[in-house]
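For reference, the structure discussed in these notes is given below.
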Amino acid sequence: MDSLIFSLVIQAPEISTPALKELARRTGASRIVNVPGGGTQAFRLEHASKWASTAAFCAEERLDFAFVPAGQRLDRVRLVAMDMDSTLITIECVDEIADVLGLKPQVAAITAAAMRGEIDFAASLVQRVALFAGLDASVLDRVYAERLALSPGSERMLAAFRAVGAKTLLVSGGFTYFTERLKARLGLDYAVSNVLEIVDGKLTGRIEGPIVDAHAKANAVRELSAEHKIGNGLTVAIGDGANDVPMLALADISIAYHAKRVVRAACTYAIDYCALDAVVNLFV
């Protein structure tokens, strides 16, 4: 692998020809290659040697961009770790449970602050879950069946990683009720999250066992990476909130997906405009 050779990958729901040509000119790219598949447009500008002003131009044009080294191949990926809420799925499950109680605005505000890293995640989760005491557990069925939706492009992304033999880990500060169902539904290899305590069909407002917080997420990635990443293999991590930052820091390639600013600053790449399968195009 020659780490000095890069391609600029640009992606968006729609990319204008003038913008594409301007980026090729600015970066000194040797040629433009269309990247097929997926729900968005993607192009690879090969041998892009000039990086200055690329970020500002892409922000103005609302383009996702990534400078990808020549040896960053999909078949090197051995482990893909991903957050659940607002990453693999479009909702925050805790907020939707709160909505049944008419408490979504209050709980969502706490969730957002925790995801920005403004308050402690574990303490905020205990605070939010306590509000669910006495709620019939059937509400979890309703949230899963009626409100939970996969993020666009998620199934194509998972299929691409599965095809090269990569293991998949769903690691979440959310709840096993949802992660275990998604694990079975999507054929994921591992799932780690919190257990809501249920007694006599009612939520108690407590979590069973240790809380899966930022450190627990990182530990799960560390352990599975050590088990599966051999040779020149790669670990990929995808997340959107502050409690994902430690696990993202452990990955060879970290991706902020429609993420908070603190997460974007900590990652190798950011996907702000495209669907989740845009992750696949970050490999050559």
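Tyr190 - would you say it is among the aromatic types (Phe, Trp, Tyr) and more than 17 Å from Asp99 (Cα to Cα)? Spelling it out, Tyr190 is indeed among the aromatic types (Phe, Trp, Tyr) and more than 17 Å from Asp99 (Cα to Cα).
When Ala149 is tested against (1) under 30 Å from Gly231 (Cα atoms); (2) touching a Ser or Thr at 6+ places or on another chain (Cβ under 6 Å); (3) of a type in the set (A, V, I, L, M), exactly one condition is not met: (1). If the condition is being assigned to a helix (DSSP H, G or I), touching a Lys or Arg at 6+ places or on another chain (Cβ under 7 Å) and β-branched (Val, Ile, Thr), then the stretch 229-279 contributes only Val262. Out of all the residues in the stretch 108-119, is one or more closer than 27 Å to Asp200 by Cβ and either in the same structural domain as Lys21 (by TED's automatic domain parsing) or within 23 Å of the chain's Cα centre (by Cα) (or both)? Within the stretch 108-119, not a single residue is closer than 27 Å to Asp200 by Cβ and either in the same structural domain as Lys21 (by TED's automatic domain parsing) or within 23 Å of the chain's Cα centre (by Cα) (or both). Restricted to helices (runs of 4 or more DSSP H) entirely inside the stretch 35-130, those with at least 1 residues that are of a type in the set (S, T, N, Q), surrounded by 19 or more Cβ atoms within 10 Å (Cβ to Cβ) and out of contact with any His (no Cβ under 6 Å at 6 or more places or on another chain) are 54-61, 104-115, 121-130. The residues of the stretch 134-192 that are of a type in the set (Phe, Trp, Tyr) and in a helix (DSSP H, G or I), listed by number, are Tyr144, Phe161, Tyr177, Phe178. Scanning the stretch 253-284 for residues that are of a type in the set (A, V, I, L, M, F, W, C) and within 22 Å of Glu46 (Cβ to Cβ) yields Ile253, Ile255, Ala270, Ile271, Cys274, Ala278, Val279, Val280, Leu282, Phe283, Val284. Screening Ala184 on (1) touching an Asp or Glu at 6+ places or on another chain (Cβ under 7 Å); (2) surrounded by fewer than 23 Cβ atoms within 10 Å (Cβ to Cβ); (3) small (Gly, Ala, Ser) shows it passes everything except condition (1).
Scanning the stretch 203-233 for residues that are touching a helix residue (DSSP H, G or I) at 6+ places or on another chain (Cβ under 6 Å) and either basic (Lys, Arg) or not assigned by TED's automatic domain parsing to the domain that holds Ala130 (or both) yields Lys217, Arg222.
The values are calculated or read from the model by the stated rules, or taken from the named source; none is laboratory data. Not measured: the values here are computed from a predicted model. Heads up, the Cβs are rebuilt from the backbone with ideal geometry, glycines too, and the neighbour counts pull from every protein chain shown.
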